[in-house]
Amino acid sequence: MRKMNFKDIFIPTISLFIICIVITSALAFTNALTKDTIAQNDINARNESMKIVCPEGETFELKIESEQGEIYEALDKNGEIKGYAVSTSASGYGGQIKVMTGISTDGKVIAIDVFYNDDETPGLGKNTSNESFTSQFKDLLTNDKIVVSKDYAGEGQQIDAVTSSTISSRAVTDAVNKACELYNNEITGGES
(Lines give C-alpha, C1' and ligand atoms only; values in the text may rest on other atoms or scores of the structure.)
Protein backbone atom coordinates (compact mmCIF):
# COMPACT_ATOMS: atom_id res chain seq x y z
CA MET A 1 0.00 0.00 0.00
CA ARG A 2 1.35 3.35 -1.05
CA LYS A 3 1.57 6.11 1.49
CA MET A 4 -0.24 9.35 0.52
CA ASN A 5 1.76 12.49 0.72
CA PHE A 6 0.79 16.16 0.80
CA LYS A 7 1.03 16.50 -3.00
CA ASP A 8 -1.40 13.60 -3.59
CA ILE A 9 -4.09 15.41 -1.61
CA PHE A 10 -3.28 19.06 -2.33
CA ILE A 11 -3.20 19.02 -6.17
CA PRO A 12 -6.62 17.32 -6.67
CA THR A 13 -8.18 19.54 -4.00
CA ILE A 14 -6.89 22.74 -5.63
CA SER A 15 -7.94 21.47 -9.06
CA LEU A 16 -11.46 20.78 -7.85
CA PHE A 17 -11.61 24.15 -6.11
CA ILE A 18 -10.57 25.99 -9.30
CA ILE A 19 -13.14 24.06 -11.38
CA CYS A 20 -15.88 25.01 -8.89
CA ILE A 21 -14.86 28.69 -8.97
CA VAL A 22 -14.86 28.76 -12.81
CA ILE A 23 -18.28 27.06 -13.08
CA THR A 24 -19.83 29.24 -10.37
CA SER A 25 -18.50 32.37 -12.09
CA ALA A 26 -19.88 31.19 -15.44
CA LEU A 27 -23.32 30.58 -13.92
CA ALA A 28 -23.32 33.96 -12.17
CA PHE A 29 -22.33 35.69 -15.42
CA THR A 30 -25.05 33.86 -17.37
CA ASN A 31 -27.64 34.74 -14.73
CA ALA A 32 -26.63 38.42 -14.79
CA LEU A 33 -26.73 38.41 -18.58
CA THR A 34 -30.21 36.87 -18.85
CA LYS A 35 -32.11 38.11 -15.77
CA ASP A 36 -33.43 41.26 -17.49
CA THR A 37 -34.62 39.22 -20.48
CA ILE A 38 -36.32 36.69 -18.19
CA ALA A 39 -38.00 39.48 -16.21
CA GLN A 40 -39.21 41.13 -19.43
CA ASN A 41 -40.56 37.80 -20.71
CA ASP A 42 -42.51 37.39 -17.44
CA ILE A 43 -43.97 40.89 -17.84
CA ASN A 44 -44.90 40.18 -21.47
CA ALA A 45 -46.58 36.87 -20.52
CA ARG A 46 -48.56 38.62 -17.76
CA ASN A 47 -49.62 41.47 -20.06
CA GLU A 48 -50.66 39.06 -22.82
CA SER A 49 -52.61 37.03 -20.27
CA MET A 50 -54.44 40.15 -19.03
CA LYS A 51 -55.55 40.94 -22.61
CA ILE A 52 -56.88 37.37 -22.96
CA VAL A 53 -59.00 37.49 -19.79
CA CYS A 54 -60.18 41.11 -20.15
CA PRO A 55 -60.37 41.70 -23.91
CA GLU A 56 -62.16 45.06 -23.50
CA GLY A 57 -59.21 46.45 -21.54
CA GLU A 58 -56.84 48.76 -23.40
CA THR A 59 -54.57 49.40 -20.43
CA PHE A 60 -54.09 47.64 -17.10
CA GLU A 61 -53.24 49.42 -13.86
CA LEU A 62 -52.09 47.65 -10.73
CA LYS A 63 -54.69 48.28 -8.03
CA ILE A 64 -53.88 45.74 -5.29
CA GLU A 65 -50.73 43.75 -4.59
CA SER A 66 -50.82 41.24 -1.74
CA GLU A 67 -49.48 37.84 -0.73
CA GLN A 68 -52.58 36.28 -2.32
CA GLY A 69 -52.04 37.89 -5.71
CA GLU A 70 -52.39 41.04 -7.76
CA ILE A 71 -55.46 42.86 -9.05
CA TYR A 72 -55.22 45.00 -12.18
CA GLU A 73 -57.97 47.31 -13.36
CA ALA A 74 -58.78 46.77 -17.03
CA LEU A 75 -59.46 50.22 -18.47
CA ASP A 76 -60.86 51.11 -21.88
CA LYS A 77 -59.51 54.00 -23.97
CA ASN A 78 -61.69 56.46 -22.00
CA GLY A 79 -60.35 55.24 -18.65
CA GLU A 80 -63.56 53.40 -17.73
CA ILE A 81 -63.16 50.16 -15.75
CA LYS A 82 -64.18 47.20 -17.90
CA GLY A 83 -63.18 44.50 -15.43
CA TYR A 84 -60.34 43.19 -13.34
CA ALA A 85 -57.44 40.90 -14.17
CA VAL A 86 -56.42 38.98 -11.07
CA SER A 87 -53.11 37.11 -10.99
CA THR A 88 -52.86 34.21 -8.51
CA SER A 89 -51.03 30.91 -8.21
CA ALA A 90 -51.39 27.51 -6.57
CA SER A 91 -49.27 24.40 -6.18
CA GLY A 92 -49.86 21.81 -8.87
CA TYR A 93 -48.42 18.35 -9.44
CA GLY A 94 -45.00 19.58 -10.56
CA GLY A 95 -44.78 23.08 -9.10
CA GLN A 96 -46.48 26.46 -9.14
CA ILE A 97 -49.28 27.10 -11.62
CA LYS A 98 -49.96 30.77 -12.37
CA VAL A 99 -53.45 31.77 -13.44
CA MET A 100 -54.88 35.08 -14.64
CA THR A 101 -58.60 35.42 -13.93
CA GLY A 102 -60.69 38.07 -15.64
CA ILE A 103 -63.61 39.28 -13.53
CA SER A 104 -66.37 41.59 -14.74
CA THR A 105 -67.55 44.57 -12.72
CA ASP A 106 -70.70 42.60 -11.83
CA GLY A 107 -68.77 39.72 -10.24
CA LYS A 108 -68.64 37.05 -12.93
CA VAL A 109 -65.60 35.30 -14.35
CA ILE A 110 -64.96 36.62 -17.88
CA ALA A 111 -62.24 34.10 -18.68
CA ILE A 112 -59.14 32.49 -17.20
CA ASP A 113 -55.69 31.98 -18.66
CA VAL A 114 -53.18 29.50 -17.26
CA PHE A 115 -50.09 31.51 -18.17
CA TYR A 116 -47.54 29.35 -16.39
CA ASN A 117 -47.72 25.60 -15.90
CA ASP A 118 -44.32 24.65 -17.29
CA ASP A 119 -43.57 22.27 -14.41
CA GLU A 120 -46.65 20.15 -15.04
CA THR A 121 -46.57 16.84 -16.93
CA PRO A 122 -46.70 17.31 -20.73
CA GLY A 123 -49.89 15.85 -22.21
CA LEU A 124 -51.54 15.75 -18.78
CA GLY A 125 -51.22 18.65 -16.33
CA LYS A 126 -50.12 21.03 -19.07
CA ASN A 127 -53.56 20.46 -20.64
CA THR A 128 -55.04 22.72 -17.95
CA SER A 129 -54.14 25.61 -20.25
CA ASN A 130 -56.30 24.19 -23.08
CA GLU A 131 -59.45 26.08 -23.99
CA SER A 132 -61.57 22.96 -23.46
CA PHE A 133 -60.72 23.18 -19.73
CA THR A 134 -60.44 26.95 -19.18
CA SER A 135 -63.74 27.74 -20.94
CA GLN A 136 -65.63 25.99 -18.12
CA PHE A 137 -64.92 28.94 -15.83
CA LYS A 138 -66.66 31.51 -18.06
CA ASP A 139 -69.62 33.23 -16.35
CA LEU A 140 -69.10 31.51 -12.98
CA LEU A 141 -69.90 33.73 -10.00
CA THR A 142 -67.16 35.04 -7.73
CA ASN A 143 -69.26 34.65 -4.59
CA ASP A 144 -69.72 30.87 -4.88
CA LYS A 145 -66.84 28.42 -4.51
CA ILE A 146 -65.70 26.53 -7.61
CA VAL A 147 -64.90 22.83 -7.20
CA VAL A 148 -63.63 20.04 -9.40
CA SER A 149 -66.53 17.63 -10.08
CA LYS A 150 -64.69 14.75 -8.33
CA ASP A 151 -64.78 16.84 -5.14
CA TYR A 152 -68.37 18.07 -5.57
CA ALA A 153 -70.42 17.56 -2.41
CA GLY A 154 -73.60 19.35 -3.43
CA GLU A 155 -72.37 22.90 -2.88
CA GLY A 156 -70.56 25.29 -5.16
CA GLN A 157 -70.04 25.52 -8.88
CA GLN A 158 -68.43 22.51 -10.48
CA ILE A 159 -66.04 22.06 -13.36
CA ASP A 160 -64.70 18.86 -14.89
CA ALA A 161 -61.03 18.00 -14.33
CA VAL A 162 -58.65 17.35 -17.18
CA THR A 163 -58.46 13.58 -17.67
CA SER A 164 -55.70 12.05 -15.50
CA SER A 165 -54.79 15.51 -14.15
CA THR A 166 -56.95 16.01 -11.08
CA ILE A 167 -54.14 17.57 -9.03
CA SER A 168 -53.33 20.15 -11.72
CA SER A 169 -57.04 20.81 -12.30
CA ARG A 170 -57.54 21.37 -8.57
CA ALA A 171 -54.56 23.77 -8.54
CA VAL A 172 -56.05 25.88 -11.33
CA THR A 173 -59.42 25.84 -9.55
CA ASP A 174 -57.72 26.87 -6.28
CA ALA A 175 -55.99 29.76 -8.06
CA VAL A 176 -59.32 30.92 -9.54
CA ASN A 177 -60.99 30.66 -6.12
CA LYS A 178 -58.14 32.77 -4.66
CA ALA A 179 -58.76 35.35 -7.39
CA CYS A 180 -62.49 35.43 -6.63
CA GLU A 181 -61.82 35.77 -2.91
CA LEU A 182 -59.31 38.56 -3.50
CA TYR A 183 -61.80 40.36 -5.77
CA ASN A 184 -64.61 39.97 -3.22
CA ASN A 185 -62.46 41.20 -0.32
CA GLU A 186 -60.66 44.05 -2.06
CA ILE A 187 -63.05 45.30 -4.76
CA THR A 188 -66.57 44.62 -3.45
CA GLY A 189 -65.55 44.90 0.20
CA GLY A 190 -66.83 41.43 0.99
CA GLU A 191 -70.26 42.20 -0.44
CA SER A 192 -71.21 40.09 -3.39
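On the basis of being open to solvent by less than 30 Å² (accessible area, probe 1.4 Å), of a type outside the set (Gly, Ala, Ser) and within 19 Å of SER87 (Cα to Cα), does VAL172 make the cut? Spell out the reasoning first.
Details: open to solvent by less than 30 Å² (accessible area, probe 1.4 Å): yes; of a type outside the set (Gly, Ala, Ser): yes; within 19 Å of SER87 (Cα to Cα): yes.
It is true that VAL172 is open to solvent by less than 30 Å² (accessible area, probe 1.4 Å), of a type outside the set (Gly, Ala, Ser) and within 19 Å of SER87 (Cα to Cα).
If the Cβ limit is 9 Å and pairs must be 6+ apart or interchain, which residue in segment 28-51 that is under 22 Å from GLU70 (Cβ atoms) and in contact (Cβ under 8 Å) with a residue 12 or more places away in the chain pairs with which residue that is of a type in the set (Lys, Arg) and surrounded by 10 or more Cβ atoms within 10 Å (Cβ to Cβ)?
Correct list of pairs: ALA45/LYS98; ARG46/LYS98; SER49/LYS98.
When only residues in segment 105-122 that are under 22 Å from LYS63 (Cβ atoms) and out of contact with any Ser or Thr (no Cβ under 9 Å at 6 or more places or on another chain) count, which is least open to solvent (accessible area, probe 1.4 Å)?
So the residue we want is THR105.
Considering only segment 82-103, how many residues are without any contact (Cβ under 8 Å) to a residue 40 or more places away in the chain and surrounded by fewer than 17 Cβ atoms within 10 Å (Cβ to Cβ)?
2
Mind listing just one residue for me: the one in segment 33-64 that is within 24 Å of SER129 (Cα to Cα) and acidic (Asp, Glu) and, of those, least open to solvent (accessible area, probe 1.4 Å)?
Per the stated criteria, the residue is ASP42.
Take segment 123-135 and flag every residue that is within 22 Å of SER91 (Cβ to Cβ) and either open to solvent by 70 Å² or more (accessible area, probe 1.4 Å) or within 18 Å of the chain's Cα centre (by Cα) (or both). Steps first, answer last, please.
Residues of segment 123-135 within 22 Å of SER91 (Cβ to Cβ): 123-130, 133-134.
Residues satisfying the conditions are LEU124, GLY125, LYS126, ASN127, THR128, SER129, ASN130, PHE133, THR134.
Can you tell me how many residues within segment 142-166 are free of Cβ contacts under 8 Å to residues at least 40 places away in the same chain and either in a strand (DSSP E or B) or within 19 Å of the chain's Cα centre (by Cα) (or both)?
We begin by selecting, within segment 142-166, every residue free of Cβ contacts under 8 Å to residues at least 40 places away in the same chain; these are 144-163, 166.
Those still in the list that are either in a strand (DSSP E or B) or within 19 Å of the chain's Cα centre (by Cα) (or both) too: 146-148, 157-159, 161-162, 166.
Matching residues across segment 142-166 total 9.
Assess whether ALA161 counts as being farther than 21 Å from ILE64 by Cα and touching a Gly at 6+ places or on another chain (Cβ under 9 Å). Give the steps one after another, and end with the answer.
Values: farther than 21 Å from ILE64 by Cα: yes; touching a Gly at 6+ places or on another chain (Cβ under 9 Å): no.
In short, no.
For THR13, are the conditions met, namely being among the polar types (S, T, N, Q), open to solvent by 50 Å² or more (accessible area, probe 1.4 Å), over 19 Å from the mean Cα position of the chain (by Cα) and closer than 22 Å to ASP144 by Cα? Steps first, answer last, please.
Working: among the polar types (S, T, N, Q): yes; open to solvent by 50 Å² or more (accessible area, probe 1.4 Å): yes; over 19 Å from the mean Cα position of the chain (by Cα): yes; closer than 22 Å to ASP144 by Cα: no.
Criteria not met by THR13.
Give me the residue from segment 92-129 that is basic (Lys, Arg) and modelled with pLDDT of 90 or more and, out of that set, nearest to SER164 (Cα to Cα). Before you say what the answer is, go through the steps one by one.
To start, the set of residues in segment 92-129 that are basic (Lys, Arg) comprises 98, 108, 126.
Narrowing further to those that are modelled with pLDDT of 90 or more: 98, 108.
Values: LYS98: 20, LYS108: 28 Å.
My answer is LYS98.
Output the qualifying pairs, or none if there are none: Cβ atoms under 7 angstrom, residues six or more apart or on different chains, first residue in segment 61-81 and in contact (Cβ under 8 Å) with a residue 40 or more places away in the chain, second residue in a strand (DSSP E or B) and polar (S, T, N, Q).
GLN68/THR88; GLY69/SER87; GLY69/THR88
The values are calculated or read from the model by the stated rules, or taken from the named source; none is laboratory data. What you see is a predicted model, and the numbers here were worked out from it, not measured in a lab. Counting neighbours? That spans all protein chains shown, and the Cβs are built from the backbone with ideal geometry, glycine included. Note: areas computed on protein heavy atoms with side chains; ligands, DNA, RNA excluded. Shrake-Rupley method; radii C 1.70, N 1.55, O 1.52, S 1.80 Å.
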